[in-house]
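The values are calculated or read from the model by the stated rules, or taken from the named source; none is laboratory data. Since the structure is predicted, the reported quantities are computational estimates derived from the model, not experimental observations. We place every Cβ from the backbone using ideal geometry, glycine too, and count neighbours over all the protein chains shown.
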Amino acid sequence: MPNYYEEISQNVITGQLDRVKQLTQQAIGAGNNPVEIINQGLIPGMSVVGARFKAGQMYVPEVLMSARAMNAGMDLVKPLILSEDIPSAGKVVLGTVKGDLHDIGKNLVGMMLESAGFTVINVGVDAGPEKFLQSIKEHQPGVIGMSALLTTTMLAMKDTIELLKEEGLRDKVKVMIGGAPISQDFADEIGADGFAPDAGSAADLCKKLLA
Ligand code: B12
């Protein structure tokens, strides 16, 4: 039986959506285990992409092409597996803060988290503290991730943290933050648990926060 996994990984890395679909379909047809196709083909490819992006060897458009290729493979495989079969690495509620409409980076972070095995609940853009709170109550994530691209919206992150304290939920959920104007100093200042400068590091940070 040919080993499809390496070839699927390589085509995820190069963002060849049609080829990933074709190979995934062939791997399914040849009787390969759907969970193995994900864990040994699709995800390892995206992990390489995450590492290269972090190292500045790949850029946003290429990463998006890889993520789309991976998702196309996932779409074929997912219906074949019961959700309990894929252990989730944990739940993350992710959103761009109030007043801020930038979501390209936040969505990239979401894709990287998903490809690292996390379940991502995306609350979208312009998400105020109440929106995060509501989603935390509903989904009970281990981590929330907040994104801000404007210096004027950065402080909305603090408002969310303050609301979590008021509601007695601060010690139940880890808070990670990111976005171009955000720094580790700012994270320390507002009492967040962590900051990551890019999507690849965000997935690593999330693993660390939940360890
Ligand atoms: C694209 C863009 C837009 C698009 C957004 C489209 C969209 N759907 O996102 C549009 C045109 C709508 C827009 C609007 C505006 N924009 Co604009 N925009 C940009 C631009 C050019 C790129 C941002 C981007 O997507 N970068 C690529 C992504 C991949 O990078 P990233 O967002 O930094 O995300 C990475 C990391 O930061 C990190 N990360 C991000 N989020 C998170 C979250 C977590 C939890 C973690 C761990 C990590 C993490 O990981 C990501 C992936 O590696 C930037 C300039 C720039 N170079 O940043 C200006 C910029 C952010 N915009 C700016 C401005 C001023 C505006 C407007 C006010 C313009 C206006 N006068 O109307 C409006 C504001 C609208 C609003 N209320 O939000 C300024 C902000 C200045 C400032 N310091 O506050 C910038 C810096 C441009 C500039 N030099 O002046 N913008």
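Here Met146 does not qualify as closer than 29 Å to Ser47 by Cβ, over 18 Å from the mean Cα position of the chain (by Cα) and either crowded, with 22+ Cβ neighbours inside 10 Å or not hydrophobic (A, V, I, L, M, F, W, C) (or both).
On the stretch given as the stretch 190-211, residues that are within 15 Å of Met146 (Cβ to Cβ) and either free of Cβ contacts under 8 Å to residues at least 24 places away in the same chain or surrounded by 16 or more Cβ atoms within 10 Å (Cβ to Cβ) (or both) total 12.
On the stretch given as the stretch 102-125, residues that are assigned to a helix (DSSP H, G or I) and of a type in the set (D, E, K, R) total 2. Looking at (1) more than 20 Å from the chain's Cα centre (by Cα); (2) closer than 28 Å to Ser66 by Cβ; (3) not polar (S, T, N, Q), which is the one condition that is false for Gly179? Status for Gly179: all satisfied but (1). For the stretch 5-59, which residues satisfy the criterion of being at pLDDT below 95 and either among the aromatic types (Phe, Trp, Tyr) or assigned by TED's automatic domain parsing to the domain that holds Glu114 (or both)? Listed by number, the residues that qualify are Phe53, Tyr59.
If we scan the stretch 60-79, do we find a residue that is more than 16 Å from the chain's Cα centre (by Cα) and outside any helix (DSSP H, G or I)? The answer is no, given that none of the residues of the stretch 60-79 is more than 16 Å from the chain's Cα centre (by Cα) and outside any helix (DSSP H, G or I).
For Ser135, the requirement of being under 24 Å from Lys207 (Cβ atoms), modelled with pLDDT of 85 or more and assigned by TED's automatic domain parsing to the domain that holds Gly29 is not met. Just to be sure, is Ile81 over 20 Å from Ala203 (Cβ atoms) and buried (at least 20 other Cβ atoms within 10 Å of the Cβ)? Criteria not met by Ile81. Go through Gly50, Gly105, Gly99 for me and flag whichever is surrounded by fewer than 17 Cβ atoms within 10 Å (Cβ to Cβ) and within 14 Å of the ligand (Cβ to nearest atom). Result of the check over Gly50, Gly105, Gly99: Gly99. Going residue by residue through the stretch 126-136, is there one that turns out to be under 21 Å from Phe186 (Cβ atoms) and part of a loop (DSSP other than H, G, I, E, B)? Yes, the stretch 126-136 contains a residue that is under 21 Å from Phe186 (Cβ atoms) and part of a loop (DSSP other than H, G, I, E, B).
Every listed requirement among (1) touching a helix residue (DSSP H, G or I) at 6+ places or on another chain (Cβ under 6 Å); (2) touching a residue at least 24 places away in the same chain (Cβ under 8 Å) is met by Met58 save one, (2).
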